[in-house]
Structure formats: C-alpha cells, structure tokens
1. Given the conditions (1) among the aliphatic types (A, V, I, L, M); (2) in contact with an Asp or Glu (Cβ under 7 Å, 6 or more places away or on another chain); (3) part of a loop (DSSP other than H, G, I, E, B), which single one is not true for Ile167?
2. Taking the stretch 147-188 only, how many residues are aliphatic (A, V, I, L, M), within 24 Å of the chain's Cα centre (by Cα) and open to solvent by less than 40 Å² (accessible area, probe 1.4 Å)?
3. Hey, Gly11 hits all of (1) at pLDDT 85 or above; (2) part of a loop (DSSP other than H, G, I, E, B); (3) under 22 Å from Gly180 (Cα atoms) but one; which does it fall short on?
4. Search the stretch 124-144 for residues being more than 30 Å from Val92 (Cα to Cα) and either among the basic types (Lys, Arg) or open to solvent by 80 Å² or more (accessible area, probe 1.4 Å) (or both), and hand back the single one that is modelled with the highest pLDDT.
5. Please give the number of the condition Ser38 fails out of (1) open to solvent by less than 30 Å² (accessible area, probe 1.4 Å); (2) small (Gly, Ala, Ser); (3) closer than 25 Å to Val130 by Cβ; (4) assigned to a strand (DSSP E or B).
6. Just to confirm my filter: which strands (runs of 3 or more DSSP E) fall fully inside the stretch 51-123 and include at least 2 residues that are of a type in the set (Phe, Trp, Tyr) and surrounded by 14 or more Cβ atoms within 10 Å (Cβ to Cβ)?
7. Residues Val169, Val112, Val119: which one is at pLDDT 90 or above and within 30 Å of Glu15 (Cβ to Cβ)?
8. Run down Gly48, Gly18 and say which single residue is loosely packed, with under 15 Cβ neighbours inside 10 Å, of a type outside the set (Lys, Arg), out of contact with any strand residue (DSSP E or B) (no Cβ under 8 Å at 6 or more places or on another chain) and touching a residue at least 40 places away in the same chain (Cβ under 8 Å).
Amino acid sequence: MRVIASSIRKGNVIEQDGKLYVVVSAENIHPGKGTPVSQIEMRRISDGVKISERYKTTDQVEKATIEERNYTFLYEDGDGYHFMNPETYDQVQVSKDVVGDAASYLQPDMTVKLSTHDVNVVSLALPQRVTLEVVETEPVTKGQTASSSYKPAVLSNGVRTTVPPHIAVGTRIVVMTEDGSYSERAKD
C-alpha cells in the first residue's frame, strides 16, 4: 500500500528495496524556505541495522501490510519475551531487539499490541501509560510543594524520571511509556 511520507508514524513498517523496516522515529520538518521534508529513522527488521532517510512530504512510500493484535505479556527468559493471544491462547516469542527499550515497562498480564508481517513479529506497542512505584528520590522539603521545579526519581522498573516535589518514596505514579515522563499520582 503506497502512502505519502508525511503520514508515516513511529511503529509503522515500511517496505523498501525488498526489505522491511520498522519506523523508530518520524518527524515532519517545515523549513522557512524550501520544500517540507519527512525525516524518518528506521531499523531493518532482518538484521537490526538503523538507517535514516529524508523524503519530500509528498513522496510515496510503500507501507507493508501488517496485522495488529492484542497479546498478554507472560514472562521473559534467555530466549526473549513471551506473549499469549488471549483469544486463541497461542504463545509467541519476541526477540529482545524487537522489544528494545519497551522491556523496562513490561509487567505481567499487561496487554500490548504486537504487529506481525507473515507470522514474524516486527514491532510492539505498549499502553500509553503505566503505573509504577517511586523507589528513590529526594525527601519532601516543607514549603517547596508550590514551586514548579521537578526533582529526579528512580522508579521500580529502574527508569529514571523527574517528579513534582510532593512525591515521596513509595508513592505510586502514572508514567507515559513513550518518554518515561511523570503524568499523575496513581489513584489506587
């Protein structure tokens, strides 16, 4: 299926020169003068090589036919990450290079969206937000809660982020999986 380059988003799979590439990042650049372009960074699925391409926003790009389906995360072992289709109970193993940075946010029984092309898993999409516990941060300073400065914190999955001054160790917070940023205090 051919689409214009400006419609390509992170997680899409592109077919180029007979090979499949998963989009790592896509940015549309509109300079003051000249033609708008789409800067697309992608990883070749077969061997993991990263390349960066620049297209005119109106150029046609071949988007691969991908089947997306929800899977439940089961566990991780030396071979990779294991997921189960909740409808058919079929299990799928996904390699560590496909999961990538998303590994730190995976939690047991979490529902993720796996994209497959000819029975090969090519990418994984996490839920937009996850709830994690703060395991390390600076102590709360009295009177500082009104300021808008954030302080560094380490979460239960090992990811470093910044949190508002009123958040203490042991507090459960909601984090955006795309960039690890603080969203809100968990309501549980």
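1. Result: Ile167 fails condition (2) only.
2. Here is the first cut: in the stretch 147-188, the ones aliphatic (A, V, I, L, M) are 153-155, 159, 163, 167-169, 173-176, 186.
So of that shortlist, the ones also within 24 Å of the chain's Cα centre (by Cα) come out as 153-155, 159, 163, 173-176, 186.
Within this subset, residues satisfying the condition of being open to solvent by less than 40 Å² (accessible area, probe 1.4 Å) are 153-155, 159, 163, 173-175, 186.
Residues that pass the stated criteria total 9.
3. Among (1) at pLDDT 85 or above; (2) part of a loop (DSSP other than H, G, I, E, B); (3) under 22 Å from Gly180 (Cα atoms), the lone unmet condition for Gly11 is (1).
4. Keep residues of the stretch 124-144 that are more than 30 Å from Val92 (Cα to Cα), which gives 134-144.
Narrowing further to those that are either among the basic types (Lys, Arg) or open to solvent by 80 Å² or more (accessible area, probe 1.4 Å) (or both): 136, 138-139, 142.
Details: Glu136: 92, Glu138: 86, Pro139: 82, Lys142: 68.
That would be Glu136.
5. Status for Ser38: all satisfied but (3).
6. Where strands (runs of 3 or more DSSP E) fall fully within the stretch 51-123 and carry at least 2 residues being of a type in the set (Phe, Trp, Tyr) and surrounded by 14 or more Cβ atoms within 10 Å (Cβ to Cβ), they are 67-77, 80-84.
7. On the way: Val169 fails: within 30 Å of Glu15 (Cβ to Cβ); Val119 fails: at pLDDT 90 or above.
Val112 is the lone residue from the list that is at pLDDT 90 or above and within 30 Å of Glu15 (Cβ to Cβ).
8. On the way: Gly18 fails: touching a residue at least 40 places away in the same chain (Cβ under 8 Å).
Among Gly48, Gly18, only Gly48 is loosely packed, with under 15 Cβ neighbours inside 10 Å, of a type outside the set (Lys, Arg), out of contact with any strand residue (DSSP E or B) (no Cβ under 8 Å at 6 or more places or on another chain) and touching a residue at least 40 places away in the same chain (Cβ under 8 Å).
The values are calculated or read from the model by the stated rules, or taken from the named source; none is laboratory data. Keep in mind the model is a prediction, meaning the values are calculated, not measured. Using ideal geometry, Cβ is built from the backbone for each residue, glycine included, and neighbour counts are taken over all protein chains shown. Each accessible area value is taken on the protein alone, full model and side chains, heavy atoms only, with ligands, DNA and RNA left out. Shrake-Rupley method; radii C 1.70, N 1.55, O 1.52, S 1.80 Å.
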